[in-house]
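For reference, the structure discussed in these notes is given below.
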Amino acid sequence: MSKYILMLLLLLPNVAGAIAQNVNTVQPKIMVIPYTKEGEDLRTVLEDDVNKRITLAKIREAFDDRGFTTIDFTARLKAISQNEVFTADNQTDLKSRLIEMSGADIYVEAEMNVLLSSSGNSVKVIVTAYDVSTGASLANKVGDSGKFYTDDIGKLASKSIGSCAEEFLNTIQTKFSDIVENGRSVIINFGFDQNSSYSMSSEIGGQGLQLSDELEMWMEEHAYKNNYHIQGTTDKQMIFDDVRIPLKDPKNGNNYNTNKFALEIFKFMRKLGLQVQRDIKGTTIYITIK
């Protein structure tokens, strides 16, 4: 008997560790925003349709019920609208600013269709999750309540999102956990201005190495967990098609994003004595050497 007790005591730390690991699973902060068509105002799309307001609230409620931290879209939007001036012509800027200032890790765009007819009412939702930092799509699901003879849109909305929420959130959690563990993936494209006197074979820096070698050495040191891949190198271009960056800044624990990594590259290029231009489009960083 003492033999089995000893084995149990030896196993307990491992069991406790496994439990702690599951308990400490990092969950993303999620903000749910309404889908807007071209010409629709993000600030008024919900004001004009009470059924959409109800549906959006039910989507957020479904996420809350499953233990996810959600961020109030209307509160964030109100704060931005009060502090900054936006016009109907710059809705893209408003949406980008809202997402940037939300504090969310993931935003979910919800397209809501409330169908009212004599044969029964229904609610259909299309939910798509995006990584705030890179804009990459993480999950996409369609929920449908089915037709019922009821005017309770709240119940129909709950039934609609309930039909897909579990699988949708499980996919988000899996993708987000992978990001936490392995970092976000970005693409970095190094190229040259038409009038540049440099090339990838130019000797740069105090060690007299070729520029392509300097870039790879820097990437090896700064990519998250040294995880990067080179798609190809020519004399006029070098493409890293998968570079991992951390979810949090290792120095201060703040959120880390593509812009911050691009800034680090910019500062490194300046140390090499190079003048560069940086552009960011989605998950791709473009560095142009002048």
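The numbers here are math on the coordinates, done by the rules we state, and not lab data. These numbers come from a predicted model, not from an experiment. We place every Cβ from the backbone using ideal geometry, glycine too, and count neighbours over all the protein chains shown.
Within a 10 angstrom radius of the beta carbon, how do E61, E100 rank from fewest other beta carbons to most? Write out the running numbers ahead of the final one.
Numbers: E61 17, E100 14.
Final ranking by Cβ density, sparse to dense: E100, E61.
Between region 236-290 and region 120-141, how far is it from one alpha carbon centroid to the other, in angstrom?
Region 236-290 and region 120-141 have Cα centres separated by 29 Å.
For a footprinting-style exposure proxy, rank R270, R184 by other Cβ within 10 Å, fewest first.
On the way: R270 11, R184 22.
Ascending number of Cβ neighbours within 10 Å: R270, R184.
What whole-number volume per residue, in cubic angstrom, does the convex hull of the C-alpha atoms of region 129-211 give?
164 Å³
Between N182, N121, N252, which gets the highest mean-square fluctuation from a Gaussian network model of the chain, Cα cutoff 10 Å?
N252
Residues of region 119-155 with backbone nitrogen within less than 16 Å of a virtual label 7 Å along the Cα-to-Cβ line of K281, please, listed as ranges.
Once the point is set 7 Å along Cα→Cβ of K281, 135-136 turn out to lie under 16 Å by backbone N, inside region 119-155.
Going by amide H atoms built from the backbone, whose H comes under 5 Å of the H on N255, apart from near neighbours?
Residues meeting the amide H criterion: D249.
Give, rounded to the nearest 20 debye, the magnitude of the charge dipole that the chain has about its Cα centre when Lys and Arg contribute +1 at Cβ and Asp and Glu contribute -1 at Cβ.
My answer is approximately 600 debye.
Report, please, the projected area of region 27-179 averaged over directions, based on the convex hull of its C-alpha atoms, in nm².
Working: hull surface 35.6 nm².
Reported value for the Cα convex hull: 8.9 nm².
Calculated FRET efficiency, R270 and S137, Cβ-Cβ r, R0 45 Å, to nearest 0.05? List each step's numbers first, then the result.
Details: r = 34 Å, r/R0 = 0.75.
According to the calculation, E is roughly 0.85.
List D49, D151 from most exposed to least, where exposure is judged by having the fewest other Cβ atoms within 10 Å. List each step's numbers first, then the result.
Numbers: D49 15, D151 9.
Lowest count first: D151, D49.
Simple spin-label model, 7 Å along Cα-to-Cβ: D178 to K290 in nm?
3.9 nm
Amide H to amide H, which residues 5 or more places from A223 or on other chains are under 5 Å from it, using H placed in the peptide plane?
It is none; the list stays empty.
Compare D279, D65, D241 in a GNM of the chain, Cα atoms joined below 10 Å, and give the one with the largest fluctuation.
For the chain, modelled as a Gaussian network with Cα springs under 10 Å, the answer is D65.
Give a residue-ordered list of calculated ³J(HN,Hα) values for region 204-210 (Karplus: 6.51 cos²θ - 1.76 cosθ + 1.60, θ = phi - 60°; whole Hz; x for Gly, Pro).
10, x, x, 8, x, 8, 5
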